[in-house]
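Asker: Below is the structure I would like to discuss, written out as structure tokens.
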Amino acid sequence: MLCKSRLRIWLTASVAAFVLLVINANTTPVFSLDNGLARTPPMGWNSWNKFGCNVSETLIKEIADAMVASGMKKAGYQYVNIDDCWQVSRDSSGNIVADPARFPNGIKALADYVHSKGLKLGIYTDAGTMTCEKRPGSLDHELQDARTYAAWGVDYVKIDWCHTEGLDPQKQYAKFREALAQCGRPIVFSICNWGEKQPWKWGPATGNLWRTTGDIQDKWASVLKILDNPNQQHPESAGPGAWDDPDMLEVGNGKMTDTEYRSHFSLWSIMAAPLIAGNDLRTMSQATKDILINSEVIAIDQDPAGKQGSRVKAEGGLEVWTKPLKQKGAVAVALFNRDNATADITANWSEVRLPAGKARVRDLWAHADRGVYVDSFKTSVPSHGVVMLKIINAK
Ligand code: GAL
């Protein structure tokens, strides 16, 4: 009798477990990315724009120190990312080897140092046979490399697309998604295939961010080219955990004016872009620092609703960009003057998706309230500059 009832219980439990398994298998897509990371656009620093291949343990440690000392950590910057050229070979077991001359204590010790500062470490690889700088790529070593990064304590990996002849990015990057899911450590996954094969379509299910364009350069024309690239116009794909990436920041690298760098930073924030600084944090000017740590502009980029903003009006070189915010009745607006002379630009509430009537206007670079305006706000904007605003309905 006892035996029979036990059997019944066992059978019922087994059937229930089976049913749960089937339901789970049907409702949880096996391959969707759900790593809980980058709920707002990642903020940090990367070595490439300023240092190229000239990376080392000393540089990365000093940058981590400077990130803390400059107030950038306090402003929200978190990731210290080593780009190409840290790796030199594979050992006889196929494990990736860091350059022993430049990283004499290895990546694990460096990760420990960066973590001791309350920051996180990022690393770089390539989906193909070699990186763009001809270092070993990760092709056919996806899981092995993911495990190595996890064992070292890496928190972020950017995966490039050089030397990938004949490979399909959606398939290759999905291999890394699976590898990272199995490696036992939360690692932000940054896809870098320059917008090829429409990553805004498959990127959200694959990685946390995906490049939409070619490489940025420290030139005004390059910033404009990225803003105008139709690849960058996919706000529907962005949201918590998944971001269009118009490339890293050039703020402070010297070939643009501070006014232009302010525009670059403002528009990246309107686009909910990752804010990955690319300058020398150890020696930056006060003006550069003031741009990178403007908490009011950063708050727009990091708005928890995670909506990517876009251009809503262009009259010649005079543009209005806007980004919806989580706060009810509030939007961010950038009045952007691409022309060569100062000009007035008007934001009409109807264009920036605000209800008609009164709204309070705050200037996020001047850190000043401008007062209450009805239906529109007009102001003078310097050549190549922005006036960045937060406008809140005042009913
Ligand atoms: C490019 C990438 C850059 C940088 C460089 C390194 O493909 O877009 O951001 O990572 O490779 O070689």
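Asker: Provide the descending list of Cα extents for the stretch 191-278 along its principal axes, expressed in whole angstroms.
Answerer: That gives 38, 22, 19 Å along the principal axes, largest extent first.
Asker: Please list, in chain and number order, the residues 5+ apart from residue 126 or on another chain whose amide H is under 5 Å from its amide H, with Hs placed from the backbone.
Answerer: Hits under the 5 Å cutoff: 138, 160.
Asker: Got a sec? What order do 83, 168 fall in by accessible area at 1.4 Å, biggest, i.e. largest, first? If you can, show how the numbers build up before the last one.
Answerer: On the way: 83 5, 168 45 Å².
Solvent-accessible surface, decreasing: 168, 83.
Asker: Net charge around residue 355, counting only other residues with Cβ within less than 15 Å of its Cβ (Lys, Arg = +1; Asp, Glu = -1)? Walk me through the intermediate numbers first.
Answerer: Values: positive: 328, 353, 358, 360, 395; negative: 351, 375.
After counting each charged neighbour, the total is +3.
Asker: Treat each spin label as a single point 7 Å out from the Cα along the C-beta direction, and report the residue 151 to residue 229 distance in nm.
Answerer: The answer from the label model is 3.6 nm.
Asker: Give me, ordered by chain and number, the residues 5 or more places off residue 381 or on other chains with an amide H under 5 Å from its own placed amide H.
Answerer: Long-range HN contacts for residue 381: 343, 344, 345.
Asker: Beyond a 20 Å Cα-Cα separation, which of these cross-linked pairs lie in this structure: 61/120; 358/390; 255/390; 74/117? Spell out each step's value before the answer.
Answerer: Values: 61/120 12 Å; 358/390 14 Å; 255/390 29 Å; 74/117 12 Å.
Cα-Cα > 20 Å for 255/390; rest within.
Asker: Further question on the same structure: Connecting C-alpha atoms closer than 10 Å in a GNM of the chain, tell me which of 230, 199, 246 has the biggest fluctuation.
Answerer: 230
Asker: Next up: As a test of the formula, what do you get for the chain when each DSSP H run with n ≥ 4 contributes -39,500 (n - 2.57) and the sum is divided by the residue count, at 222 nm and rounded to the nearest 500 deg cm²/dmol? Write out the running numbers ahead of the final one.
Answerer: On the way: 12 runs with 123 residues, N = 395.
-9000 deg cm²/dmol, from helical runs alone.
Asker: Near residue 197, which aspartates and glutamates are there with a Cα under 18 Å away, not counting those fewer than 8 places off in the same chain?
Answerer: Output for residue 197: 126, 160, 165, 168, 215, 236, 244, 245, 247.
Asker: With θ set to phi - 60°, apply the Karplus curve 6.51 cos²θ - 1.76 cosθ + 1.60 along the stretch 129-138 and write out the HN-Hα couplings as whole Hz, x wherever there is a Gly or Pro.
Answerer: 6, 9, 6, 4, 9, 6, 8, x, x, 9
Asker: Right, another one. When DSSP assigns beta bridges and you keep just the ones with both residues in the chain, what percent turn out antiparallel, to the nearest 5? Please report the intermediate quantities before stating the final value.
Answerer: Details: 41 of 64 bridges.
In the chain, approximately 65 percent of DSSP beta bridges are antiparallel ones.
Asker: May I ask you to list the residues of the stretch 34-69 whose amide nitrogen lies under 19 Å from a point 7 Å from Cα along the Cα→beta-carbon direction of residue 88?
Answerer: Within reach of a label on residue 88: 52-61.
Asker: On to the next question. Calculate the dipole size of the stretch 345-395 relative to its Cα centre from +1 charges on Lys and Arg beta carbons and -1 charges on Asp and Glu beta carbons; express the result in debye to the nearest 20. Don't skip to the end; give the middle numbers.
Answerer: Numbers: 8 positive and 4 negative charges, 35 e Å.
Here the size comes out at about 160 debye.
Asker: What figure in square angstrom, to the nearest 10, would you give for the accessible area of residue 315 with a 1.4 Å probe?
Answerer: Accessible area, nearest 10 Å²: 120 Å².
Asker: Please find, in a Gaussian network model of the chain (springs between Cα atoms separated by less than 10 Å), the residue of 210, 161, 202 whose mean-square fluctuation is greatest.
Answerer: Looking only at 210, 161, 202, the biggest GNM fluctuation is shown by 202.
Asker: Hey, another quick one. Hey, if we sort 135, 39, 282 by accessible area with the 1.4 Å probe, largest down, what's the order? Display every interim value, and only then the final one.
Answerer: On the way: 135 55, 39 130, 282 100 Å².
Greatest to least solvent exposure: 39, 282, 135.
Asker: Which listed residue (345, 183, 316) has the Cα farthest towards the positive end of the charge dipole for the chain, taking +1 on Lys and Arg C-beta and -1 on Asp and Glu C-beta about the Cα centre?
Answerer: Positive-end residue among those listed: 183.
Asker: For a quick size check, give me the Cα extents of the stretch 40-168 along its three principal axes, largest first, whole Å.
Answerer: Ordered largest first, the stretch 40-168 gives principal extents of 44, 30, 24 Å.
Asker: Now for a different question. Could you work out how far the C-alpha centroid of the stretch 277-306 sits from that of the stretch 332-361, in angstrom?
Answerer: So the two Cα centres are separated by 23 Å.
Asker: Just how much of residue 79 is accessible, in Å², when a 1.4 Å probe is used and the result is rounded to the nearest 10?
Answerer: Here the residue's solvent-accessible area equals roughly 20 Å².
Asker: Please build a GNM for the chain, connecting alpha carbons under 10 Å apart, and tell me which residue among 205, 151, 341 fluctuates the most.
Answerer: Per the Cα network of the chain with a 10 Å cutoff, 341 tops the list.
Asker: Kindly list the residues of the stretch 155-191 that lie in the label zone of residue 130, defined by a backbone N under 14 Å from the point 7 Å along the Cα-to-C-beta vector.
Answerer: Of the residues in the stretch 155-191, 162-165 have backbone N under 14 Å from the label point off residue 130.
Asker: Same structure again: Determine the dipole magnitude for the chain: charges of +1 sit on the beta-carbon of Lys and Arg, -1 on that of Asp and Glu, nothing else is charged, the reference point is the Cα centre, and the result goes in debye to the nearest 20.
Answerer: Details: 45 positive and 43 negative charges, 329 e Å.
The dipole of the chain has a size of about 1580 debye.
Asker: Still on this structure, please answer the following. If I take every Cα pair under 8 Å that is 6 or more residues apart in the chain, average their sequence separation and divide by the length, what percent do I get for the relative contact order? Could you put the intermediate results ahead of the total?
Answerer: Details: 848 pairs, mean separation 51.7, N = 395.
13 percent.
Asker: Okay, next question. Rounded to the nearest whole Å³, what is the per residue volume of the convex hull around the Cα atoms of the stretch 117-271? All intermediate terms of the calculation are to be shown ahead of the outcome.
Answerer: Numbers: hull volume 20.6 nm³, N = 155.
With only Cα atoms used, the stretch 117-271 gives 133 Å³ per residue.
Asker: To make sure I understand the rule: partners must be lysines, Cα under 25 Å from the Cα of residue 201, and not fewer than 8 residues away in the same chain. Which ones qualify?
Answerer: Cross-link targets: 158, 171, 175, 225, 307, 323, 326.
Asker: Further question on the same structure: What figure in square angstrom, to the nearest 10, would you give for the accessible area of residue 40 with a 1.4 Å probe?
Answerer: 40 Å²
The values are calculated or read from the model by the stated rules, or taken from the named source; none is laboratory data. Bear in mind that the values here come from a model prediction, so they are computed numbers and not experimental data. So basically every Cβ, Gly included, is an ideal-geometry build from the backbone, and we count neighbours across all protein chains shown. The accessibility values were calculated without ligands, DNA or RNA, using every heavy atom of the protein model including side chains. Shrake-Rupley method; radii C 1.70, N 1.55, O 1.52, S 1.80 Å.
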